[in-house]
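Right, one structure below, let's go through it.
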Amino acid sequence: MSAKSVGKDSLGRVTSPTTPTHSGGRPHECCECGKKFSRKRDLNTHTLIHTGERPHECRECGKTFNQRSNLIRHTLTHTCERPHECHECGKKFSRKCDLKKHTLTHTGERPHECRECDKTFSSKSDLKKHTLTHTGERPHECCECGKKFNQRSNLNTHTLTHTGERPHECRECGKKFSRKCDLKKHTLTHTGERPHECRECGKTFNQKGNLKKHTLTHTGERPHECQECGKRFISMSVLNKHIFRHSGLREFKCDVCKKHFKTKQDIARHMKIHFP
């Protein structure tokens, strides 16, 4: 083998063009799920998903992570460092990937297309989350109650309901929240800011999610379909309420007459009988 054909990997080991990294081979297989990797360290990182181990701890707040790279990104939330700036609007980001996603809001580019419904997305991660709505897959399970989620972030938020932890506090009124995004939304109630504007009618909203739902009133799109009856809905929350009606469950109980109801609206109407 010639000197030019020999190289070194990140660990200083001698490699050649025929090694898995260059050939595209994936010799390292996960015993739990069968997923394969070209590098053993990638396999080792992946196995932490199954074991639940989070060895990298933040010195500031004690939050733990399964990857060192995630810890490094997290520490920027404490230092408030945002080194990546958008050349269009000047907005800054702590991560380069977040800046890259943001720039697509200026270009309008949505390069990632769903093969099931042809819906397009600006980021690959958004497409990946969307595909779970077609497969119904919920790979992230709560160790406490067994509830499953399609996103790890949703699982992390859910676990706070068991611990009761609310680490994010409003400086104006002292109200605490389990999620930073909920705190951010809450602060808008103090400022009165409504930064999200509809391009069709100019109506403004304090939350991006509310704007997104509103735009569907212009397009007529109903992306969430009930698998039982085929009825379609604007939002997942409305679909979930609808699905509950198919289940026949009546989880809302009247404390006066012990009668059960399917929805909060049903029991609210019923309570007017007791308290007109």
Report the label-to-label distance for His190 and Arg41 in nanometres (one decimal), using points 7 Å from each Cα along the Cα→Cβ vector. 4.3 nm
Please report the antiparallel percentage of the DSSP beta bridges confined to the chain, to the nearest 5. 100 percent
Taking only Cα atoms, what is the 0 to 90° angle, nearest 10, from helix 236-247's long axis to the longest principal axis of the chain? 60 degrees
Cα axis of helix 152-163 to longest principal axis of the chain: angle in degrees, 0 to 90, nearest 10? 60 degrees
Please list, or write none, the lysines whose alpha carbon is within less than 20 Å of the alpha carbon of Lys272, excluding same-chain residues fewer than 8 places away. Lys253, Lys258, Lys259, Lys262, Lys264
Please compute the modelled spin-label separation between Asp255 and Glu197, points set 7 Å along Cα→Cβ, answer in nm with one decimal. 4.7 nm
Do the sum for the chain: with -39,500 (n - 2.57) for every DSSP H run of n ≥ 4, divided by all residues, what is the mean residue ellipticity at 222 nm, to the nearest 500 deg cm²/dmol? -12000 deg cm²/dmol
Most fluctuating of Cys257, Cys173, Cys201 in the GNM of the chain (C-alpha, under 10 Å) is Cys257
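For the chain, what % of the accessible area comes from carbon and sulfur atoms, probe 1.4 Å? Let's see the in-between values first.
On the way: 10120 of 20850 Å².
In the chain, the share of accessible area belonging to carbon and sulfur is 49 percent.
Taking 0.36 nm per intervening residue step and subtracting the Cα-Cα distance, what contour gain separates Ile243 from Arg82 on full extension?
Numbers: separation 161, 0.36 × 161 = 57.96 nm, distance 4.26 nm.
Once the chain is fully extended between Ile243 and Arg82, it gains 53.7 nm.
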Longer than 29 Å from Cα to Cα, which of Lys63/Lys148; Lys35/Lys180; Lys124/Lys180; Lys63/Lys175; Lys100/Lys185 are they? Say none if no pair is. Lys35/Lys180
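Please work out the average accessible area per residue across the chain, using the 1.4 Å probe convention, and give it in Å². Let's see the in-between values first.
Values: 20850 Å² over 276 residues.
Normalised by residue count, the accessible surface of the chain is 76 Å².
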Name the long-range amide H neighbours of Phe252: under 5 Å, sequence gap of 5 or more, or other chain; modelled H, no Pro or chain starts. Phe261
Relative to the chain, whose Cα atoms define the longest principal axis, helix 40-51 and its Cα axis are tilted in degrees, nearest 10, by 30 degrees
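The values are calculated or read from the model by the stated rules, or taken from the named source; none is laboratory data. Note that the structure is predicted; figures quoted are calculated from it, not measured. When we count neighbours, we look across all protein chains shown, and the Cβ atoms used for this are built from the backbone with ideal geometry, even at glycine. These accessible areas exclude ligands, DNA and RNA; they are computed on the full protein's heavy atoms, side chains included. Shrake-Rupley method; radii C 1.70, N 1.55, O 1.52, S 1.80 Å.
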